[in-house]
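The values are calculated or read from the model by the stated rules, or taken from the named source; none is laboratory data. What you see is a predicted model, and the numbers here were worked out from it, not measured in a lab. Every residue, glycine among them, receives a Cβ derived from its backbone with ideal geometry; neighbour counts consider all protein chains shown. Side chains included, ligands, DNA and RNA excluded: accessible areas come from the protein's heavy atoms. Shrake-Rupley method; radii C 1.70, N 1.55, O 1.52, S 1.80 Å.
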Amino acid sequence: MSQSPVSITLLFFVVAPSILFMRPISSSAQPASSPESGATLEIHRLSSKVTLDGRIDEPAWENVEPLPMVMQLPSFGAEPSERTEVFLAYDDDFFYLAARCWDREPEGIHATTMKRDDEAENSDCLGLILDTFNDHENAVSFVTTPTGSRIDKTIYGDMIQSGGSATSWNAFWDVETVIDNQGWFVEMRIPFSSLRFQEREGKVIMGCTVYRWIARKDERVIFPAIPQDWGTRSHMKPSRSHDIVLTGIHSGNPMYVTPYALGGFGRTAVLNSAKTAYRHDDVTARDTGLDVKYGLTSNLTLDLTVNTDFAQVEADDEQVNLTRFSLFFPEKRLFFLERASNFDFKFYSNSRLFHSRSIGIYQGKQVPIYGGARVVGRAGRWDIGFLDMQTEKKEDLPSENFGVLRLRRQVFNPYSYVGGIVTSRTGTDGSYNAAYGVDAIRSEEHTSELQSHHPI
């Protein structure tokens with residue numbers, strides 16, 4: 001039995017490539033149209049250059065039709081109180097959004113912060129949500145305010161049940177805004193190298209939602225027309241987005257290399273036992289490491305890390321625990337965040353088979369990580385998640401290897417899945433823990449009332 005974890009770890013490297021690449025994906029695995037969306041929307045390809053300045057005065061925008069925006073809040077379907085024109089376009093390298101957020105009372109425009117990822121409900125904002133794989137469950141969100149602040153996050157679980165969003169994810173993108181006596185205006189540019197998507201027969205289909213929030217009126221204007229029947233976060237649900245089509249684009253294979261070097265010196269004066277003099281205790285710190293992100297294909301991403309540095313990670317919010325149960329803290333470390341929902345295997349609420357915070361953290365203290373690899377993405381109807389990491393020995397905790405393989409496939413319709421997971425945790429002292437399971441979601445409509453989740 002002591003050889004079991006070794007076999008499982010080797011299985012990841014031997015079986016996983018066979019499962020993924022043993023046969024080509026059927027041409028029938030086409031992305032499904034979003035519900036109630038009707039025909040897909042062909043996005044305009046720009047024929048000339050756009051200068052990113054927020055003014056939307058280039059000739060390239062003249063032939064782009066604005067989206068049909070409607071009021072979602074406070075009265076669904078009513079005429080928006082302020083005119084909003086939103087334009088979507090793209091070229092070989094970038095996805096563009098431009099918007100004219102007209103306002104008859106420009107002095108009432110609220111913009112309270114320029115801090116990144118600061119989601120303040122008392123600020124006006126304009127948001128773009130892209131379900132890049134068109135899987136009706138996961139998406140990325142790009143939001144800006146009149147001050148040009150940037151909010152980017154991942155959306156998972158279609159914002160239902162235990163699903164939600166994570167602002168710890170950061171992407172490469174640009175935005176410029178202008179405020180004048182007619183309102184505020186936006187130009188947003190997202191490199192295709194920052195997005196993962198599937199290309200079929202020269203076309204890419206994504207789900208898209210665009211919304212404007214007018215803070216002083218508690219008014220939301222949106223495309224497509226999504227009613228509040230889907231809950232207070234309905235404007236963020238990938239399953240309600242509208243299908244858009246882009247032709248002749250390629251994600252490429254970008255590589256981002258992030259080396260780091262840490263150094264420090266500290267001196268503490270301590271009074272000796274005779275209290276006649278001070279001695280000096282000197283402490284030095286030095287460390288180096290490397291992170292690499294590489295696009296294996298347009299829809300698969302490889303992350304590599306050596307001597308991982310988590311020193312810049314946002315601190316957890318303080319919580320007071322008055323129950324007998326342990327507190328749940330979400331993952332905020334960037335290495336683990338991209339399409340983290342691929343690894344989800346939940347029983348109920350926050351109870352899950354695998355949580356990445358068990359890697360590199362022990363009893364509230366950091367455990368150094370030698371290195372590791374992570375592959376996430378989507379191939380046809382398969383959601384793929386693979387991870388393998390090795391931690392250092394720390395005090396009474398041995399060096400450990402963590403391995404996870406998660407596969408999940410769409411069946412019947414875009415909202416039904418079957419999948420499986422295998423996890424292993426192996427210590428150099430002979431300790432190990434291995435677990436596996438299969439699960440399924442069966443749903444005709446993607447709602448929390450009809451969805452069922454059956455881990456086995």
Quiz item: Of Lys293/Lys365; Lys153/Lys217; Lys153/Lys394; Lys217/Lys332, which ones are farther than 29 Å apart at the Cα?
Solution: Lys153/Lys394; Lys217/Lys332
Quiz item: Can you list the GluC sites (Glu not before Pro) in the stretch 368-433 that are in a DSSP coil and have 10 or fewer other beta carbons within 10 angstrom?
Solution: Glu395
Exercise. Report in % the part of the accessible area of the chain that belongs to carbon and sulfur, leaving out ligands and nucleic acids; probe 1.4 Å.
Key: 53 percent
Exercise. Report, to the nearest 10°, how far helix 4-21 tilts away from the longest principal axis of the Cα atoms in the chain, using its own Cα long axis and a range of 0 to 90°.
Key: 30 degrees
Quiz prompt | Segments 95-106, 191-202 sorted - mean Cβ within 10 Å per residue, highest first | solution = 95-106, 191-202
Quiz item: In Å, what is the Rg of the alpha-carbon atoms in the stretch 319-372, and how long is Dmax?
Solution: 12.7, 37
Exercise. Show that you can apply the helix-only estimate: for the chain, add -39,500 (n - 2.57) for every DSSP H stretch of four or more residues, divide by all residues, and state [θ] at 222 nm to the nearest 500.
Key: -1500 deg cm²/dmol
Quiz item: If packing is taken as the mean number of other Cβ atoms within 10 Å per residue, what is the order of 282-288, 231-237, highest first?
Solution: 231-237, 282-288
Exercise. Can you pull the one-decimal nm distance between simple spin-label points at Glu85 and Ala261, each 7 Å off the Cα toward Cβ?
Key: 5.2 nm
Self-check item: Ranked packing of 203-212, 73-82, most packed first, by mean Cβ within 10 Å
Solution: 203-212, 73-82
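Pairwise over distinct Cα atoms, reciprocal of the mean inverse distance: report the Kirkwood radius of the chain in Å, one decimal place.
Working: mean 1/r = 0.0412 Å⁻¹.
Across the chain, the inverse of the average 1/r is 24.3 Å.
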Quiz item: Normalised by the number of residues in the stretch 232-323, what is the relative contact order in percent for Cα pairs under 8 Å and 6+ residues apart?
Solution: 25 percent
Quiz item: Once phi is turned into ³J(HN,Hα) by the Karplus curve 6.51 cos²θ - 1.76 cosθ + 1.60 with θ = phi - 60°, what whole-Hz value does each residue of the stretch 200-215 show in order, with x for glycine and proline?
Solution: 9, 6, x, 10, 10, 10, 10, x, 9, 9, 10, 9, 10, 10, 9, 4
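Taking the solvent-accessible surface of protein heavy atoms with a 1.4 Å probe, what is the per residue accessible area of the chain in Å²? Intermediate values should be presented prior to the final figure.
Values: 22590 Å² over 456 residues.
Ligands and nucleic acids excluded, the result is 50 Å² per residue.
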Quiz prompt | More than 22 Å apart - percent of Cα-Cα pairs taken over the stretch 324-415 | solution = 36 percent
Quiz item: Can you give the net charge of the other residues whose Cβ lies under 15 Å from the Cβ of Lys393, counting K and R as +1 and D and E as -1?
Solution: -2
Quiz item: Relative contact order for the stretch 133-199 using alpha-carbon pairs under 8 Å, separation at least 6, rounded to a whole percent?
Solution: 25 percent
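Quick check: convex hull of the Cα atoms in the stretch 189-254, volume per residue, rounded to a whole Å³? Kindly include the intermediate steps, with their values, before the conclusion.
Details: hull volume 7.5 nm³, N = 66.
Hull volume normalised by residue count: 113 Å³.
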